[in-house]
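The structure appears right after this line, and notes come after that.
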Amino acid sequence: MSAYVIPIVAMLDVSPLLIPVVAIVMSLLIPIVAIISDAKKKRSIYELHHRERLAAIDKGLEIPPLPPELFDGGQRAKGPGNYLLRGLIWSAIGIGILIAFQEMDDEVTKLGVIPLLVGIAYLIYYFVEGRKLATEAKKAETTPLART
């Protein structure tokens, strides 16, 4: 019976070390998995596009252009709507920190002001840029098309 007691006691001594080891391994493993999956995705897109190009050449059709996802990393276009999303997220994080740390020290609570102000800056930029795009769209609608 004493043979079973020793391994259990030994496991209790190792368990505090298990948390940092798992944290370090996972923090290194998650980015590696993300990079590998992104590379596989790009490779499959490239292979499919290559097959499409070969089929078009065989049929004598026009060769389709390469998809922009191969060059820009699959990122979305940066438009004013993207700044609205960023502004709302940063503002919500700042408000969340202010509420969560309300009972704590004033120094800790002030940390919530930083993301809140970043979010407000994004929202201001969104509204300024949105008005600029709206005026440009109105000018394009009112300008008569030139005939050739």
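No lab work stands behind these numbers, since they all come straight from the coordinates. It should be emphasised that the depicted structure is a prediction, and the values quoted were computed from it without experimental measurement. Note that each Cβ is placed from the backbone with ideal geometry, even for glycine, and that neighbours are counted across all protein chains shown.
Computed quantities for the displayed model
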read-out	value
Förster radius 35 Å - calculated FRET efficiency between Ser27 and Leu48, Cβ distance, rounded to 0.05	0.60
Segment Asp106-Thr135, length gained on full extension (0.36 nm per residue, minus Cα span)	6.0 nm
Charge sum, other residues only, whose C-beta stays under 15 Å from Ile97's C-beta, Lys/Arg counted +1 and Asp/Glu -1	-3
